[in-house]
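So the structure is just underneath, and the comments pick up after that.
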Amino acid sequence: MTSDSRIGPPSFGSERDMLRAFLDYHRATLAMKCEGLSDDQLRQQSMPPSTLSLLGLVRHMAEVERAWFRRVFEDNDAPMVWSDKIDFQAAYDASASTRDEAFVAWDAEVKNSRRIEREAESLDQAGYQPRWDEEVSLRMVMVHVLLEYGRHNGHADFLREGVDGTVGA
């Protein structure tokens, strides 16, 4: 990690501004954990039998962004990024992936998620989660995705340390 250019969330603000800022902070954290590494280093797996890698996390979070924003609020039948069926585990197989492939997909999904959130009238806007066969609010989606990033950024901390010894936020 060469630098920490993340913008920290504000100490005060509306609920929506806080959720948006924390999501962007966690998105930036995942990107920062991958900075300065080669494709081979990004594909380095944690420990058998796990196939978890930094690149796999980026791919997984592209799936999460798509499943929770695009599929819920725009197109319930939108295909997943790396599987023909709803299989979040498929994204973790980064053995043939590259930084460019993973980050282009993730960046596209993040941009789409941000657009969907900005265009929504309120956090109470309802969308349909096809996997659950129920409606969910934008608020619930943002909290859920934020929790996904928080959990996986913890994994990214350990993965990065295992790759080159780098620790810290």
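The values are calculated or read from the model by the stated rules, or taken from the named source; none is laboratory data. None of these values were measured; they are calculated from a predicted model. When we count neighbours, we look across all protein chains shown, and the Cβ atoms used for this are built from the backbone with ideal geometry, even at glycine. Quick note on the areas: whole protein, heavy atoms, side chains included, nothing else; ligands and nucleic acids left out. Shrake-Rupley method; radii C 1.70, N 1.55, O 1.52, S 1.80 Å.
Here is how the numbers come out for the structure above:
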| quantity | calculated |
| --- | --- |
| Net lengthening on full extension, Asp157/Val143 (0.36 nm per residue, minus Cα-Cα) | 2.9 nm |
| Solvent-accessible area, 1.4 Å probe, carbon plus sulfur percent, for the chain | 52 |
| With Cα atoms, 0 to 90° folded angle of helix 15-34 axis to the chain main axis | 20 |
| P(r) tail fraction, the stretch 1-77 - alpha-carbon pairs more than 19 Å apart, % | 53 |
| Cα centroid separation - the stretch 19-73 against the stretch 115-132, whole Å | 22 |
| Using distinct alpha-carbon pairs, which all enter the 1/r mean, Kirkwood radius of the chain in Å | 16.5 |
| Pair-distance profile P(r), taking every C-alpha pair of the stretch 95-169, with 5 angstrom steps and integer % | 3, 12, 14, 19, 20, 13, 10, 6, 2 |
| Cα→Cβ-extended label distance, 7 Å offset, between Asp107 and Ser38, nm | 2.3 |
| Computed [θ] at 222 nm, helices only, for the chain once each DSSP H run of length n ≥ 4 contributes -39500 (n - 2.57) | -17000 deg cm²/dmol |
| Exposure ranking of Asp75, Asp124 by accessible area [1.4 Å probe, largest first] | Asp124, Asp75 |
| The stretch 51-94: proportion of alpha-carbon pairs further apart than 15 angstrom, % | 36 |
| The stretch 10-51: C-alpha gyration tensor shape, a/c 1.5 cut-off, then a/b vs b/c | prolate |
| Gain in span if fully extended, Gln125 to Arg6, counting 0.36 nm per residue against the direct Cα distance | 40.0 nm |
| Inter-probe distance in nm under a simple model that places probes 7 Å from Cα toward Cβ, at Asp84 and Tyr25 | 4.3 |
